[in-house]
Amino acid sequence: MVICPFCKIKTNFLYRVDGFKKPLEIYQCPSCKLQMQDITNPDGFYTKDYFEGTAEYSYFDERKYFRYCEFVWKARLKTIKKFKPPPARFLDVGCSFGGFVKTALKEGYDAEGIDISPYVVEECQKDEEIKNRIFCSDLLHYTPNKKYDIITMIEVIEHLPEPNRILKKLYDLLNPSGLLIIQTANFDGLQAKMQKNHYHYYLPGHLFYYSKKNLTAFLKQAGFKEFIYFHGVDFGLLPKWKKMSGFIPPIYFYRYLRVGFYHLLSKITWGDFALTSSFVLYAFK
């Protein structure tokens, strides 16, 4: 039996997702519509193979493409600066190899990062720029000596168990008027609704699947007061294309056009309705 962590009621079976060694079972709360998997201990996903991109379910090694990823990190920081300029105290949750933290430091922020993986944190200790700023911890047990002005969770919140406790912890870690930035998928988006169990965001390590509506409601319950939404992402199209150039030769121009078309579609919204499902939420304490 799968219980919704927010509503404390039994969820209903929604989808079976094939395509992995072990098919995924997706459940949905009948009240808040939060979707979830029945996984309580995800730590085993985040091995060396995951971060080097060699596991069935994996990330990519951002160190190999740092100068291309930095186009996106700088673009996001340009938006963040409008609300919280340097030298604000900055925490990146799920920081991987620390690329975003390193870029934030260059931009003048007092930046740190945490990650649950001992492997990536050990790797970060080899980098003189960030070795004393990356810590191995899960969020619930993280106890910094000072609070933060900015906390970022870029494609991370869907990985974390106990989200009801996570959001309260994030609130407690922020200074007054602090800013929380969450990028995840909006399962009220038409893209997710139409693709159903074929939607690419259903992955083994993604434990919870939010909507713009219920994530906002959960954040309000945790104490957050003001919200700004960016459908798609919180920066423009050009940084995306520049990042892509590190992976995809320009000769495959149709891939760039496809990303550009998706970017434009992401701006077609009305209230809680959106054509696409990618979004970024800025929540203020």
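Please order Asp172, Asp38 by the number of other Cβ within 10 Å, starting at the fewest. Display every interim value, and only then the final one.
Details: Asp172 11, Asp38 14.
Neighbour counts put them in this order, fewest first: Asp172, Asp38.
If each residue of separation counts as 0.36 nm, what is the full-extension length gain between Ser177 and Lys196 once their alpha-carbon separation is subtracted? Before the final figure, lay out each step's value.
On the way: separation 19, 0.36 × 19 = 6.84 nm, distance 3.74 nm.
Between Ser177 and Lys196, full extension yields an extra 3.1 nm.
Which of the listed residues, Met244, Leu173, Asn186, is farthest toward the dipole's positive end in the chain, when Lys, Arg count +1 and Asp, Glu count -1 at the beta-carbon?
Farthest towards the positive pole: Asn186.
Can you compute the helix-only [θ] at 222 nm over the chain? Use -39500 (n - 2.57) per DSSP H run of at least 4 residues, normalise by all residues, nearest 500 deg cm²/dmol. Write down the numbers at each step before the final one.
Values: 9 runs with 84 residues, N = 285.
Using -39500 (n - 2.57) per qualifying helix, the result is -8500 deg cm²/dmol.
Taking a ≥ b ≥ c as the square roots of the Cα gyration tensor eigenvalues, with a/c under 1.5 meaning rounded and otherwise prolate when a/b beats b/c, else oblate, which class fits region 161-285?
prolate
Take the cross-link list Lys213/Lys267; Lys8/Lys84; Lys106/Lys220; Lys10/Lys147; Lys196/Lys242 and give me the ones stretching past 27 Å between alpha-carbons. All intermediate terms of the calculation are to be shown ahead of the outcome.
Working: Lys213/Lys267 17 Å; Lys8/Lys84 36 Å; Lys106/Lys220 33 Å; Lys10/Lys147 36 Å; Lys196/Lys242 31 Å.
Long pairs (Cα-Cα over 27 Å): Lys8/Lys84; Lys106/Lys220; Lys10/Lys147; Lys196/Lys242.
Under a crude label model (7 Å from the Cα following the beta-carbon direction), how far is Arg255 from Tyr57 in nanometres?
Output for this residue pair reads 2.5 nm.
Separation of region 256-285 and region 1-50 by C-alpha centroid, Å?
Region 256-285 and region 1-50 have Cα centres separated by 24 Å.
Using the number of other C-beta atoms within 10 angstrom as an exposure proxy, rank Tyr59, Tyr109 with the fewest first.
Tyr59, Tyr109
Hey, what did the chain get for relative contact order, percent, Cα under 8 Å, at least 6 apart? Please report the intermediate quantities before stating the final value.
Numbers: 517 pairs, mean separation 53.5, N = 285.
Relative contact order here is 19 percent.
In debye, nearest 20: dipole of the chain around its Cα centre with unit charges on the Cβ of K, R (+) and D, E (-)? Kindly include the intermediate steps, with their values, before the conclusion.
Details: 40 positive and 30 negative charges, 198 e Å.
Here the size comes out at about 960 debye.
How would region 44-188 be classified by its alpha-carbon gyration tensor: rounded, prolate or oblate, with rounded meaning a/c under 1.5 and the a/b versus b/c comparison settling the rest?
Numbers: a/c = 1.39, a/b = 1.15, b/c = 1.20.
Because its axes are fairly even, with a/c under 1.5, region 44-188 counts as rounded.
Assuming R0 = 35 Å, what is the FRET efficiency of Lys81 and Leu265, from their Cβ-Cβ distance, to the nearest 0.05? Mind showing how you got there, number by number?
Working: r = 27 Å, r/R0 = 0.78.
In this case the efficiency is close to 0.80.
Test of understanding: what is the full-extension gain from Glu226 to Asp138, defined as 0.36 nm times their sequence separation minus their Cα-Cα distance?
On the way: separation 88, 0.36 × 88 = 31.68 nm, distance 2.63 nm.
This chain segment gains 29.0 nm when fully extended.
Specify which residue in the list Gln37, Thr54, Ile80 is farthest towards the positive end of the charge dipole of region 26-93, using unit charges on the beta carbon of Lys, Arg (+1) and Asp, Glu (-1), about the Cα centre.
Ile80
For region 108-138, which GluC sites (Glu not before Pro) pass both filters: DSSP loop (anything but H, G, I, E, B) and at most 16 other C-beta atoms within 10 Å?
Numbers: sites: Glu112, Glu122, Glu123, Glu128, Glu129; in loops: Glu128, Glu129.
Of the GluC sites (Glu not before Pro), the ones in loops of region 108-138 whose Cβ has at most 16 other Cβ atoms within 10 Å are Glu128, Glu129.
Run the numbers for Phe66 and Phe273: contour at 0.36 nm per residue of separation, minus the present Cα-Cα distance, in nm. List each step's numbers first, then the result.
On the way: separation 207, 0.36 × 207 = 74.52 nm, distance 3.46 nm.
That works out to 71.1 nm of additional length.
If you keep only loop residues by DSSP, which trypsin sites (Lys or Arg not before Pro) in region 21-121 have at most 14 other Cβ atoms within 10 Å of their Cβ? Mind showing how you got there, number by number?
Values: sites: Lys21, Lys33, Lys48, Arg63, Lys64, Arg67, Lys74, Arg76, Lys78, Lys81, Lys82, Arg89, Lys102, Lys106; in loops: Lys21, Lys33, Lys82.
Answer by residue number: Lys21, Lys82.
Could you tell me which of rounded, prolate or oblate describes the chain, using a ≥ b ≥ c as the square roots of the eigenvalues of the alpha-carbon gyration tensor, with rounded for a/c under 1.5 and, failing that, prolate when a/b is larger than b/c and oblate otherwise? Numbers along the way, then the final one.
Numbers: a/c = 1.27, a/b = 1.13, b/c = 1.12.
Cα axes put the chain in the rounded bin.
Bear in mind these aren't lab numbers, they're just calculated from the coordinates by the rules spelled out. The structure presented is a predicted model; accordingly, all values stated were derived computationally and were not measured. Neighbour counts are summed over all protein chains in view; Cβ atoms, including those assigned to glycine, are modelled from backbone coordinates with ideal geometry.
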